[in-house]
Amino acid sequence: MAPASERLELVKLCSSRNWSKAIRVLDSLLSRSCSIQDLCNRAFCYSQLELHKHVIKDCDRALELDPALLQAYILKGNAFSALGRKEDALHVWEEGYTKNVYESTDINQLLKLEELVESVKQNSAIANENDSNEFSNAVTRKPENEVMSTECESDAIDCSDAVTCKSDPEVISGDSALNSSNTTILSTDIESRSLSKAIDSSDIIQPRDATEKCGRSDETIKVSKKIFVAGNTINLDIRLSRGIAQVNEGNYVDAISIFDQVLSEKPKYAEALIGRGTAYAFKRELEAAIDDFTMAIKCNSSAGEAWKRRGQARAALGEFEEAIEDLGKALEFEPNSSDILHERGIVSFKFKDYHAAVEDLSSCVKCDRDNKSAYTYLGLALFHIGEYCQAEEAHRKSIKLDRSFLEAWTHLAQFYQDLAKPEEALQCIEQILLVDGRFAKAYYLRGLLYHMMGQHRAAVKDLTSGLNIDSSNIESLYLRASCYHAIGEYREAVKDYDSVLDLENDSMDKFVLQCLAFYQKEIALYTASKASSEFSWFDIDGDVDPLFKEYWCKKLHPKYVCERVFRQPTLRDSLKKGRLKKQEFPFTKQKTNLLQAADRIGQKIQYHCPGFLPNKRQYRMAGLAAIEIAQKVGKAWRLLRSASKSGKKARRRERPTIQSYNRGGVCCSTSSLSETSASYSSSEDKFSSNRTFSWKDIYAIAVKWRQISEPCDPVVWIDKLSEEADSGVGYQIPILLGQAKVVRYFPMNLRTLNVVKSIVRKLKYVHVDDKVFNISEAETLKKIAHVESCSELYGIIGKNFWVTTKCDSTAFEGKQLEGTRISIRRMGKLGFDFAIQTPSSSSRWEDYNREMEAAWEDLCTACCDELYGSSDPSLLENVNDAILRMTYYWFNFMPLARGSAVVGLTVMLGLFLATNMDVTASIPPGVQVDWEALLSPNSQLFINTIKTWLYPSLRYNVAWKDYPDVTSTFSTIGSVVAALSNYFLS
């Protein structure tokens, strides 16, 4: 239709009061050219339908183009007045009058504006004595022949961000289950916003028929009859208003019925389709809602509201990419809409497009500086891209707007937890509970924090408080079960694990936790069955079926395992056989001294880097393991020196293979004997005899302590998994996940990238899908030398790829060991996964086994010569270097499914202690010892890096020789668990 024809049609439609169709004509005109007058005309038409928020939006757009537009000020003020916002109306009219009083040439409009201002002021003087309706009647002048209506635009109906602000357990997870480097988000429903509120009805669900609230006069009824006679369109508009009113009041079924009647007469009535779609969305019938919004778009592609609402509905269904497209289309019609920017920003955040989220949410808060939700989601997005100072500022701005805004406090608490600032996190949680003492997620968050800090009993207390409020919270149940498990309260642990398994599975997050609950319950039953046995009999690697362990590590569905693996005995069976007894823990002077020493020594494993929380349970574990290693290695070295002085060689014995306490039955291999892992009746056997013991015997001590200190972690030797684990990758550490910078490891990004560049330029190839991909062109290699990001490097190579570092062998001259695999993978449009992974193969295992054997032999030789026992660290440099050499190859080996870093540090401390050298310095801020090894091509480079801060801190100390024997002091599994779980000494 030509513009002139459209203008003529517009006049006719307005003359016949067909405001809805007039708006569609104006939509079409505005889609081609943004005319100030057309914006005002559409605002006027909206005012006739009582769609006052649309009036305000169009007037704002018009005033952006012409700040002196009197008509826009009048219409906008009238809309505020009709909404009952008297102060806002007066402010708008006064602003318009002030800006135009000396310059306007439209005297008629200026006088009308002056009259409105004066009317408001006069009515304000008697506002305390008169009904607020008098104010509305005084300033909102309507023709007498119009049907008057009131409006229901309650903020409680506004759910513009309800679609995306629902509770999201991926938050914590782990990030919780968010307790991992892949940190997940904790979002809360603090404003009674639920998933059912899937559509923002704040500016579509507007008019309410006056007959529903204030009745009609006889004259009004007569006028209404005239309108019905005049034409069917007005009748449809009134029914449309009634349907919208029913949505506002929560009567969704009645609303849908009204919209059905309207659409039966006019199937392509876009406004009715939008209204019905909104009602469906509130009923959580999101597919039906999307169908209605799609039809509305087909009927009127310029209906920005339909695009917006379809985007919201798609976001509620998890169709984030499509939702972002729809909301982007809606922004074309309302370029500066803070609501749509807010909505799209949150959807982009959930889609993990954090850069887009930051852009939209930043624009949103520029338009709407009081949008507390936008600020806190901006903080979340900034955190993920590594802008921590800005993220904290955004969260703080949200709280400044509303000190009772629980969502902002919760996000800020998680922010501090992820950065390893426990005191600040606890302060935030205390603020949450001051606002709402029954906010269950606050108790979960504090329980999670206590758990991560090794305070399991405190965690149980908080988790129980949270479960008293919300008994079906699966994250709290699973975490409490884990805490009970760790402190040896197996009855309660099994009960909670069973509760997790009994919950209805309605999400992938629940499915993963239920799989883990199955495996953890079996491990709890295994530990309970051995509680009264010697700690030396605790042997998950030897007793538990390899298939079970592999499925546990990979969090796979246990059905296949259940069919092929024997199950653990029940608690009742363990009680009957006397295996499970209450462990008394008297704090004798002997135990007290030992535990105090362990706590001091164990603190030296702490990394002072973002993301690494202090964990007193792990300190004690590491300290006790280090002391036990020192005691047993020291005894072995004394035997070796004694044999050396007498001219005898330590006789090497074959390791016996005997049946384990738990073999041939519960959750074990179908084979009753193990050729590679044997248990001894006493752990002293292998260390007190004159036979040579291996490097693995030393590390196995620390592994066992690490396994029992935090039983939720699948700490197992990779070579003891099933044969299926013989290929592929084992240990994995992410640096970048899409656009998310992993807090703990992203500081290693540039160093790791430089290693990749160096390898590619040296080898002139990379691996793509396990095939060699050659890169031989000089120009390409030159470009690679100058890249500074994963995206640039990927852009040159053009494929997902990986390279492997090399470690120079010390034992075999000229040989290079396969080090760490570094991979870059494109994640669609959302960035790259940048990670290091430990290859797992039998040949690699053999290479490192020989290297570790050689390093251990060299250390034993160095410790048994005439310099042993010297108090001068400078004379023991060969011994110190030998310890760091073993540590270097261990970190590159990474032979555990989890926990290799802490085990490596623990053994290092134990070996220094065995040489009478006490490590007195903490690891320097920013240093991660395992990464120093992983990124060093040879052991000497690693030694030179670590010795600069480690060797000056070494102090001659033989006090450890007077410590009580760890093995006899904590002889049973139950006593070990009790020692790790009681902190009255700290």
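The values are calculated or read from the model by the stated rules, or taken from the named source; none is laboratory data. These numbers come from a predicted model, not from an experiment. Cβ atoms come from the backbone with ideal geometry, glycine included; neighbour counts cover every protein chain shown.
A few notes on this one:
- The residues on offer are Asp506, Asp496, and the sole one that is of a type in the set (Asp, Glu) and either outside any helix (DSSP H, G or I) or at positive phi (or both) is Asp506.
- Residue within segment 558-578 that is at pLDDT 90 or above and either closer than 21 Å to Gly899 by Cβ or among the polar types (S, T, N, Q) (or both) present: no
- Ser533 being among the polar types (S, T, N, Q), within 19 Å of Trp705 (Cβ to Cβ) and at pLDDT below 95: yes
Every residue, every condition in (1) at pLDDT below 95; (2) assigned to a helix (DSSP H, G or I); (3) farther than 27 Å from Ala702 by Cα; (4) under 26 Å from the mean Cα position of the chain (by Cα), yes or no:
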position: Arg480; (1), (2), (3), (4): no, yes, no, yes
position: Phe511; (1), (2), (3), (4): yes, yes, yes, yes
position: Gln514; (1), (2), (3), (4): yes, yes, yes, yes
position: Asp541; (1), (2), (3), (4): yes, yes, no, no
position: Leu547; (1), (2), (3), (4): yes, yes, no, no
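- Scanning segment 1-28 for residues that are in a helix (DSSP H, G or I), surrounded by fewer than 20 Cβ atoms within 10 Å (Cβ to Cβ) and over 45 Å from the mean Cα position of the chain (by Cα) yields a count of 12.
- For Leu721, the stated conditions hold: it is more than 21 Å from Ala933 (Cβ to Cβ), touching a Leu at 6+ places or on another chain (Cβ under 9 Å) and surrounded by 14 or more Cβ atoms within 10 Å (Cβ to Cβ).
- Single unsatisfied condition, Cys863 versus (1) surrounded by 15 or more Cβ atoms within 10 Å (Cβ to Cβ); (2) at pLDDT 90 or above; (3) in contact with a Phe, Trp or Tyr (Cβ under 6 Å, 6 or more places away or on another chain): (2)
- Number of residues in segment 338-372 that are farther than 22 Å from Gln739 by Cα and part of a helix (DSSP H, G or I) equals 7.
- Thr278 surrounded by fewer than 19 Cβ atoms within 10 Å (Cβ to Cβ), assigned by TED's automatic domain parsing to the domain that holds Ala245 and of a type outside the set (A, V, I, L, M): no
- Pairs with Cβ under 7 Å, 6+ apart, first in segment 51-79 and of a type in the set (Lys, Arg), second modelled with pLDDT under 85 and surrounded by 24 or more Cβ atoms within 10 Å (Cβ to Cβ): Lys53/Gln206
- The residues of segment 766-780 that are in contact with a strand residue (DSSP E or B) (Cβ under 9 Å, 6 or more places away or on another chain) and farther than 14 Å from Asn800 by Cβ, listed by number, are Val772, Asn774, Ile775, Ser776.
- For the residues Gly611, Gly602, the requirement of being part of a loop (DSSP other than H, G, I, E, B) and either within 24 Å of Gly926 (Cβ to Cβ) or among the aliphatic types (A, V, I, L, M) (or both) singles out Gly611.
- Residue in segment 799-811 that is part of a strand (DSSP E or B) and among the small types (Gly, Ala, Ser) present: no
- Segments classed as helices (runs of 4 or more DSSP H), wholly inside segment 895-986, with at least 1 members that are within 39 Å of the chain's Cα centre (by Cα): 900-914, 929-934, 939-950, 973-981
- Complete set of residues in segment 958-986 that are modelled with pLDDT of 90 or more and of a type in the set (S, T, N, Q): Thr967, Ser968, Thr969, Ser971, Thr972, Ser975, Ser981
- Reported count of residues in segment 243-279, each being in contact with a strand residue (DSSP E or B) (Cβ under 8 Å, 6 or more places away or on another chain) and farther than 23 Å from Lys298 by Cα, is 2.
- Within segment 66-77, the residues that satisfy the criterion of being in a helix (DSSP H, G or I) and either touching a Leu at 6+ places or on another chain (Cβ under 8 Å) or not assigned by TED's automatic domain parsing to the domain that holds Glu115 (or both) are Leu70, Ala72, Tyr73, Ile74, Lys76, Gly77.
- In the condition set (1) touching an Asp or Glu at 6+ places or on another chain (Cβ under 7 Å); (2) surrounded by fewer than 17 Cβ atoms within 10 Å (Cβ to Cβ); (3) of a type in the set (A, V, I, L, M, F, W, C), Ala245 is compliant with all but (2).
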